[in-house]
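First the structure, in the form of structure tokens, and then the observations on it.
The values are calculated or read from the model by the stated rules, or taken from the named source; none is laboratory data. Not measured: the values here are computed from a predicted model. Cβ placement follows ideal geometry from the backbone for every residue including glycine, while neighbour counts extend to all protein chains displayed. These area figures cover heavy atoms from the full protein model, side chains too; ligands, DNA and RNA do not enter into them. Shrake-Rupley method; radii C 1.70, N 1.55, O 1.52, S 1.80 Å.
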Amino acid sequence: MILFPAIDLKNGQCVRLEQGDMARATVFNLNPAAQAESFVSQGFEYLHVVDLDGAFAGKPVNAQAVEAMLKTIKIPVQLGGGIRDIATVEAWLEKGITRVIIGTAAVRDPELVKVASKKFPGRVAVGLDARDGKVAVEGWAETSRVTVLEIAQRFEDAGVAAIVFTDIARDGLLKGLNLDATIALADSITIPVIASGGLASIEDVKAMLTPRAKKLAGAIAGRALYDGRLDPATALTLIRNAPGS
């Protein structure tokens, strides 16, 4: 299981939102590259980055901050937010992003995911963000009529590297991961699933390491890391020492 520390970018700064609401943003670091470096020094091996402004704009907005991070750290980075066409996918992968996450376009333009996954095997993930079971798009500003499972099943044979599943109701609120919904999704598809939204403490990490969660590929930690509720060393040691890791 991979524990991904999250860096969400808004106006070039590292922030955390509550339930995806841009008006409820807390700035945690004015320098995202320094924050990325800090995560590396804490022992993390894979970084999760979201261009929040890009998710709303439909195109990359915080490219400068992302590029600064790529120059600063050597660990793999997965990036989502504003990736809506093949040219953007290619541009980010060429710049050194390990894996792109396609969200809104996965709902609106599933063909993009299929083409990108075929062209760049293992380097395309799908971001599915759920509000009451339905997928939200456009930076979570709109809720579609389709369920997470319906979208996920479209990509069963497409070669998608992972699905990042976020429960919007919990995101940024430290209420704990929605493991029931995440595990139900993972059990219904063959694509690896990464849990996101609400990770609050070491108890969530322990829950990810139980037998019922064995199909999950990882979890994303945001606010819990920034405000000290989750100790990186304790969490990473627990994961490394888990049976079968």
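Taking every residue in region 4-32 that is closer than 26 Å to residue 71 by Cα and pairing it with any residue that is of a type in the set (Phe, Trp, Tyr) and open to solvent by 60 Å² or more (accessible area, probe 1.4 Å), at least 6 positions away or on another chain, the pairs with Cβ-Cβ distances below 6 Å are 14/28.
Output the number of the condition that residue 198 fails; it satisfies all remaining conditions of (1) out of contact with any Cys (no Cβ under 9 Å at 6 or more places or on another chain); (2) open to solvent by 10 Å² or more (accessible area, probe 1.4 Å). Going through (1) out of contact with any Cys (no Cβ under 9 Å at 6 or more places or on another chain); (2) open to solvent by 10 Å² or more (accessible area, probe 1.4 Å) one by one, residue 198 breaks only (2).
Listed by first and then second residue, the pairs linking a residue in region 49-71 that is under 20 Å from residue 25 (Cα atoms) to a residue that is among the acidic types (Asp, Glu) and assigned to a helix (DSSP H, G or I), with Cβ atoms under 9 Å apart and 6 or more places separating them unless they lie on different chains, are 60/53; 61/53; 62/53. Name the single residue that is farthest from residue 54 (Cα to Cα) among those in region 135-169 being modelled with pLDDT of 90 or more, crowded, with 16+ Cβ neighbours inside 10 Å and of a type in the set (S, T, N, Q). For region 135-169, the residue satisfying everything is 147. Inside region 173-195, can you point out the residues that are of a type in the set (Gly, Ala, Ser) and surrounded by 23 or more Cβ atoms within 10 Å (Cβ to Cβ)? Result: 186, 195.
Across region 23-52, which residue is surrounded by the fewest Cβ atoms within 10 Å (Cβ to Cβ) among those that are among the hydroxyl-bearing types (Ser, Thr, Tyr) and modelled with pLDDT of 95 or more? Filtering region 23-52 for residues that are among the hydroxyl-bearing types (Ser, Thr, Tyr) and modelled with pLDDT of 95 or more, the one surrounded by the fewest Cβ atoms within 10 Å (Cβ to Cβ) comes out as 41.
Among the residues of region 83-126, the ones that are under 14 Å from the mean Cα position of the chain (by Cα), modelled with pLDDT of 95 or more and not aliphatic (A, V, I, L, M) come to 3 in all.
Listed here are the residues, each with its yes/no results for (1) closer than 22 Å to residue 101 by Cβ; (2) part of a helix (DSSP H, G or I).
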| residue | (1), (2) |
| --- | --- |
| 212 | no, yes |
| 219 | yes, no |
| 236 | no, yes |
| 239 | yes, yes |
| 242 | no, no |
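Taken as a whole, the condition of being of a type outside the set (Lys, Arg) and surrounded by 21 or more Cβ atoms within 10 Å (Cβ to Cβ) applies to residue 104. Remark: pairs (first residue in region 122-138, at positive phi; second residue open to solvent by 10 Å² or more (accessible area, probe 1.4 Å) and of a type in the set (S, T, N, Q); Cβ separation under 7 Å; 6+ apart in sequence or on different chains) = 133/147; 138/104. Of all the residues in region 161-179, those that are under 21 Å from residue 211 (Cα atoms), touching a strand residue (DSSP E or B) at 6+ places or on another chain (Cβ under 7 Å) and in a loop (DSSP other than H, G, I, E, B) number 2.
Go through region 210-226 and count every residue that is more than 17 Å from residue 44 (Cβ to Cβ) and either surrounded by fewer than 20 Cβ atoms within 10 Å (Cβ to Cβ) or charged (D, E, K, R) (or both).
First pass over region 210-226, keeping only residues more than 17 Å from residue 44 (Cβ to Cβ): 210-216.
Now narrow it down to the ones that are either surrounded by fewer than 20 Cβ atoms within 10 Å (Cβ to Cβ) or charged (D, E, K, R) (or both): 210-215.
Matching residues across region 210-226 total 6.
Is it the case, given these coordinates, that residue 55 is modelled with pLDDT under 95 and open to solvent by less than 30 Å² (accessible area, probe 1.4 Å)? So residue 55 fits the description; yes. Starting from residues that are part of a loop (DSSP other than H, G, I, E, B) and open to solvent by 50 Å² or more (accessible area, probe 1.4 Å), keep the ones in region 58-89 and report whichever is farthest from residue 16 (Cα to Cα). So, considering only residues that are part of a loop (DSSP other than H, G, I, E, B) and open to solvent by 50 Å² or more (accessible area, probe 1.4 Å), the one farthest from residue 16 (Cα to Cα) is 85.
Scanning region 223-231 turns up no residue that is modelled with pLDDT of 95 or more and assigned to a strand (DSSP E or B).
Identify all residues within region 1-22 that are open to solvent by less than 50 Å² (accessible area, probe 1.4 Å) and either among the hydrophobic types (A, V, I, L, M, F, W, C) or over 13 Å from residue 226 (Cβ atoms) (or both); write none if there are none. So that I can check it myself, show each step before the final result.
Narrowing region 1-22 to residues open to solvent by less than 50 Å² (accessible area, probe 1.4 Å): 3-10, 12, 14-17, 20, 22.
Residues satisfying the conditions are 3, 4, 6, 7, 9, 10, 12, 14, 15, 17, 20, 22.
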